[in-house]
């Protein structure tokens with residue numbers, strides 16, 4: 001069994017066959033999926049899916065790419081929507097200075113509002129960071145000094161130093177199919193050393209299909225390939241890796257419960 005801690009089941013590439021994709025995941029041994037929202041217009045859809053499917057959960061948040069068009073999203077609104085019984089996380093949020101699709105100051109402001117919502121609800125903050133390690137860490141450290149909040153660095157591709165700094169803040173690290181890519185040797189080396197009680201696995205479906213599924217729309221069932229790769233790199237059995245990451249998911253996302 002395993003948990004896909006981050007997927008977009010409402011996105012093109014999987015939404016057209018959503019029921020089949022969910023069933024594929026179950027048949028592969030995936031026992032839970034966390035459906036992630038990236039803009040306010042998705043919230044109802046993502047939560048509705050979680051209401052229909054007992055093994056699917058939901059988050060509410062605004063992706064950094066969407067910060068320019070969501071300045072009206074306040075901490076209070078995030079907290080209000082997070083009260084739903086199927087919403088277990090805040091995000092994804094964070095900073096993306098690679099694409100710079102939104103103004104950087106607006107990204108920072110949105111990020112801080114999400115952090116405040118995470119602190120108030122104690123639901124984990126789901127962090128996206130790309131080419132913004134220093135700013136991301138500075139904000140997390142400043143906000144953690146205000147008051148603690150749980151969280152995860154999703155789709156981890158940052159430096160080893162960033163990873164351990166995030167761990168020092170109490171964060172978890174989630175690994176996607178990128179870790180299986182041939183050009184990700186450094187990431188795989190880091191992933192092999194991360195503490196076993198602080199790692200999660202994810203697909204980020206429909207993106208980033210792991211080897212041997214590269215080139216196909218990713219789906220939650222494929223998380224098992226990432227698990228097998230990581231188990232080999234870490235020198236443990238697949239069953240051990242699956243159990244550990246599942247336990248970690250429920251330890252972090254305390255509002256979730258096994259279906």
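The values are calculated or read from the model by the stated rules, or taken from the named source; none is laboratory data. In this text the structure is predicted, and so the values were computed from the model without any measurement. Every residue, glycine among them, receives a Cβ derived from its backbone with ideal geometry; neighbour counts consider all protein chains shown.
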Would you point out which residue out of 119, 86 is surrounded by fewer than 23 Cβ atoms within 10 Å (Cβ to Cβ), at pLDDT 95 or above, more than 24 Å from residue 223 (Cβ to Cβ) and under 18 Å from the mean Cα position of the chain (by Cα)? 119
Is it true that residue 32 is in contact (Cβ under 8 Å) with a residue 60 or more places away in the chain, buried (at least 18 other Cβ atoms within 10 Å of the Cβ) and under 23 Å from residue 90 (Cβ atoms)? yes
Among the residues listed as 200, 167, 175, the single one being surrounded by fewer than 21 Cβ atoms within 10 Å (Cβ to Cβ) and either at pLDDT 95 or above or under 30 Å from residue 238 (Cα atoms) (or both): 167
Report, by residue number, each residue of the range 5-17 that is crowded, with 17+ Cβ neighbours inside 10 Å and under 18 Å from residue 51 (Cβ atoms). 7, 8, 9, 10
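Scanning the range 218-254 for residues that are part of a loop (DSSP other than H, G, I, E, B) and touching a helix residue (DSSP H, G or I) at 6+ places or on another chain (Cβ under 9 Å), which turns out surrounded by the most Cβ atoms within 10 Å (Cβ to Cβ)?
Once the filter is applied, the top-ranked residue is 218.
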Can you name the residue in the range 122-138 that is closer than 24 Å to residue 187 by Cα and in contact (Cβ under 8 Å) with a residue 40 or more places away in the chain and, of all such residues, is farthest from the chain's Cα centre (by Cα)? 135
Looking at the range 139-154, which of its residues are within 14 Å of the chain's Cα centre (by Cα) and surrounded by fewer than 23 Cβ atoms within 10 Å (Cβ to Cβ)? 150
Test: residue 2 is touching a helix residue (DSSP H, G or I) at 6+ places or on another chain (Cβ under 6 Å) and touching a residue at least 60 places away in the same chain (Cβ under 8 Å): yes
Just to check your reading of the model, which residue among 46, 21, 60 is crowded, with 18+ Cβ neighbours inside 10 Å, over 28 Å from residue 140 (Cα atoms) and touching a residue at least 12 places away in the same chain (Cβ under 8 Å)? 21
